[in-house]
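All remarks here apply to the structure that follows.
The values are calculated or read from the model by the stated rules, or taken from the named source; none is laboratory data. The structure displayed is predicted, hence computed values, not measured ones. Heads up, the Cβs are rebuilt from the backbone with ideal geometry, glycines too, and the neighbour counts pull from every protein chain shown.
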Amino acid sequence: MKEKILLSIITPEKVYLSEGKVDFVALPAFGGEMGILPGHISFVVQLKDGFLRYSSGGEDEIFAILGGFAQIDKNKVMVLAEGAELTKEIDEEKARQEYQKAKDALSIKGADIDLDAAQAALRRSSLRMKVLELKSKRKKKK
């Protein structure tokens, strides 16, 4: 039987995956995308905002990841992310509205705006838009 990786994706709000058996994981590491196969050396890596991809039985899944860390230990990968969303759970229209709302909030000048919250909202919504774009490109290739 082919070796598998046990993948866990955890955020402060939710456990998205708990030791799911996968064939391959690609992480958005600060030094560039990092591919993980079974038997990988032990490693801890800081993650940037980006796409976490994994393959399991010929099926690919994509998560939008908002920073964090990943611990790799032979056949286990634990991702501790600030935030994560599975691509197929993202509502395209809602994502567009949130992106526009975040941009508008940043364009308002004044003391009433929480700049950090507005920038975080723009970061999150920008990543959602990018992951939806990637999803649509992948559909066109099929």
Of these, Phe43, Phe51, which one is within 21 Å of Glu89 (Cβ to Cβ), at pLDDT below 95 and assigned to a strand (DSSP E or B)?
-> Phe51
So Glu13, is it within 23 Å of Met129 (Cα to Cα), at pLDDT below 90, within 12 Å of the chain's Cα centre (by Cα) and acidic (Asp, Glu) | no
Within the group Lys94, Lys4, Lys101, Lys76, which residue is modelled with pLDDT of 90 or more, among the basic types (Lys, Arg) and either within 28 Å of Ser125 (Cβ to Cβ) or touching a Lys or Arg at 6+ places or on another chain (Cβ under 8 Å) (or both)?
-> Lys4
Taking the stated definitions as given, is Phe43 farther than 23 Å from Leu134 by Cα, in contact (Cβ under 8 Å) with a residue 12 or more places away in the chain and either surrounded by fewer than 18 Cβ atoms within 10 Å (Cβ to Cβ) or not acidic (Asp, Glu) (or both)?
-> yes
Restricting region 77-100 to residues that are of a type outside the set (A, V, I, L, M) and surrounded by 15 or more Cβ atoms within 10 Å (Cβ to Cβ), the one nearest to Ser42 (Cα to Cα) turns out to be Glu82
Please verify whether region 26-33 includes one or more residues that are hydrophobic (A, V, I, L, M, F, W, C), in contact with a Phe, Trp or Tyr (Cβ under 8 Å, 6 or more places away or on another chain), at pLDDT 90 or above and over 18 Å from Arg124 (Cα atoms).
-> yes
Can you spot a residue in region 104-114 that is surrounded by 17 or more Cβ atoms within 10 Å (Cβ to Cβ) and either of a type outside the set (Lys, Arg) or at pLDDT below 75 (or both)?
-> no
